[in-house]
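Enquirer: Take a look at this one; I'll ask things after.
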């Protein structure tokens, strides 16, 4: 028996006026996999994330989350998604716990249930001892970890992260990347948008997006072949300095 | 349904906490109408003679006349402030967090509206309290009857703010909109002078005042403060609230609205 993919994107296109931002994008994310959406800046990653989170909608193509059609059953689909946007979405002048409670409430959770889930999510990201601190007092890495923990409160089936390491130092980047790989190893399905190949492990699935089109979907090892992933990526996309980490 | 109410509670609480933590905003929200009440009204008291018109049953001083208009002004400014905060939220990204939660988008935006109304109620009642301390008192039941009127007018003005926020891309564009919305709405209304007084100056201006939804918000509040019902004002304000909200929903529609334009 085949399992429904955690995320299935089929023939999705989107235009801003005359400009084709996404062109016939199709890929599937299997359950419990870490999938990197790899593309240079301007490839269409953030636009695709806006479609996956229903901040934008398109009539061209179909998106399914854990078997739920995002267009027909958006609430069921959104309930199964955890999102970490590229731009931080935190109330800086309130505590970590209050930020988490607000998010839990948006998902309909309050009281003891919310507290238990928040504690578990913070524990998972080694952030529990920071619960009482104001977000403004946290460094960039801890803020990101907090956002990831927040995205896990409602136990999503798919975790979407849009370039989550932007602006972080090397140590924080490595730590966040390792944490999310661990989450995938525990069974969570992860779609990680990036333009930095050093965030990808050989066993990870990779979807290469360039100029709004999917160039290839395969494991990082397969795409790299005999050489390095970065060389293969640059060859596919026609050269891009920023890919070098 | 419980989940919907949990979201409503969280959004209203967040907005109220943000308002109460921002002392500058609280203070300016109170100082603005008090300046009008203490300085402007004192200057105009002698210049403006007021006849006895409903809901008043006797001659009133100008200070008494403008209190309902100032209550509505607080809500107008608050609606625009909420709109500003929505534009800020869009720039800062927290709007994305709200709009990607698994509740209907209309409900999430309605929660935002209600949060703005709750904040405006805090401001209006604080203002009415200070006015009472200054000797400008309303009938006791007026303070109760005015609550639903304030909720409805707050919804209408908040929905207008929501609509405006759906059309603005950047905070920098906001000042111009404030000038083109707040001042005309406020001055072309019955907040500072009755319609018949405006008619003495210009029938056209009087007609514009008569169709300004803000005029009807002022009158709804004025009548309610005297424990009276103004059905016509209620109809106008209710219709305005629904119309502005529906238009704002179009602006926030993911298929055609703000997020698409922002790219």
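The values are calculated or read from the model by the stated rules, or taken from the named source; none is laboratory data. Predicted model, so just to flag it, every value in this text is computed and none were measured. All Cβ positions, glycine included, derive from the backbone under ideal geometry; neighbour counts span all protein chains shown.
Enquirer: Looking at segment B:204-238, which of the residues that are in contact (Cβ under 8 Å) with a residue 24 or more places away in the chain and surrounded by fewer than 17 Cβ atoms within 10 Å (Cβ to Cβ) is nearest to the other protein chains (Cβ to nearest Cβ)?
Expert: Checking each candidate, the answer is B:238.
Enquirer: Which of the following residues is under 16 Å from residue B:223 (Cα atoms), out of contact with any strand residue (DSSP E or B) (no Cβ under 9 Å at 6 or more places or on another chain) and without any contact (Cβ under 8 Å) to a residue 12 or more places away in the chain: B:39, B:60?
Expert: After applying the criteria, what remains is B:60.
Enquirer: Condition (residue is more than 24 Å from residue A:167 (Cα to Cα), at pLDDT 95 or above and surrounded by fewer than 16 Cβ atoms within 10 Å (Cβ to Cβ)) applied to segment A:1-20: is it met by at least one residue?
Expert: Yes, the conditions are met somewhere in segment A:1-20.
Enquirer: Just for segment A:58-69: of the residues that are crowded, with 17+ Cβ neighbours inside 10 Å and in a strand (DSSP E or B), which one is nearest to the chain's Cα centre (by Cα)?
Expert: Filtering first and then ranking leaves A:65.
Enquirer: Tell me, which residue of segment A:96-149 that is at positive phi and over 22 Å from the mean Cα position of the chain (by Cα) is farthest from the other protein chains (Cβ to nearest Cβ)?
Expert: Of everything passing the filter in segment A:96-149, A:111 is farthest from the other protein chains (Cβ to nearest Cβ).
Enquirer: Out of segment A:70-87, which residues are in a loop (DSSP other than H, G, I, E, B) and more than 7 Å from every other protein chain (Cβ to nearest Cβ)?
Expert: A:70, A:71, A:72, A:73, A:80, A:86
Enquirer: Inspect segment B:106-121 for any residue being within 14 Å of chain A (Cβ to nearest Cβ), without any contact (Cβ under 8 Å) to a residue 40 or more places away in the chain, crowded, with 19+ Cβ neighbours inside 10 Å and closer than 30 Å to residue A:162 by Cβ and give the result as yes or no.
Expert: No: zero hits.
Enquirer: Just one of A:235, A:201 is surrounded by fewer than 18 Cβ atoms within 10 Å (Cβ to Cβ) and part of a loop (DSSP other than H, G, I, E, B); which is it?
Expert: A:201
Enquirer: Another question about this same structure. Specify the residue that is nearest to residue A:193 (Cα to Cα); the eligible residues are those in segment A:22-35 that are crowded, with 23+ Cβ neighbours inside 10 Å and in contact with a helix residue (DSSP H, G or I) (Cβ under 8 Å, 6 or more places away or on another chain).
Expert: In the first step, residues of segment A:22-35 are kept if they are crowded, with 23+ Cβ neighbours inside 10 Å; the result is A:22, A:25, A:29, A:34-35.
Then drop every residue that is not in contact with a helix residue (DSSP H, G or I) (Cβ under 8 Å, 6 or more places away or on another chain), which leaves A:22, A:25, A:34.
Numbers: A:22: 15, A:25: 15, A:34: 11 Å.
Among those residues, the one meeting the criterion is A:34.
Enquirer: If the requirement is being free of Cβ contacts under 8 Å to residues at least 12 places away in the same chain, surrounded by 16 or more Cβ atoms within 10 Å (Cβ to Cβ) and within 14 Å of chain B (Cβ to nearest Cβ), which of these qualifies: A:48, A:55?
Expert: Details: A:48 fails: free of Cβ contacts under 8 Å to residues at least 12 places away in the same chain.
Among A:48, A:55, only A:55 is free of Cβ contacts under 8 Å to residues at least 12 places away in the same chain, surrounded by 16 or more Cβ atoms within 10 Å (Cβ to Cβ) and within 14 Å of chain B (Cβ to nearest Cβ).
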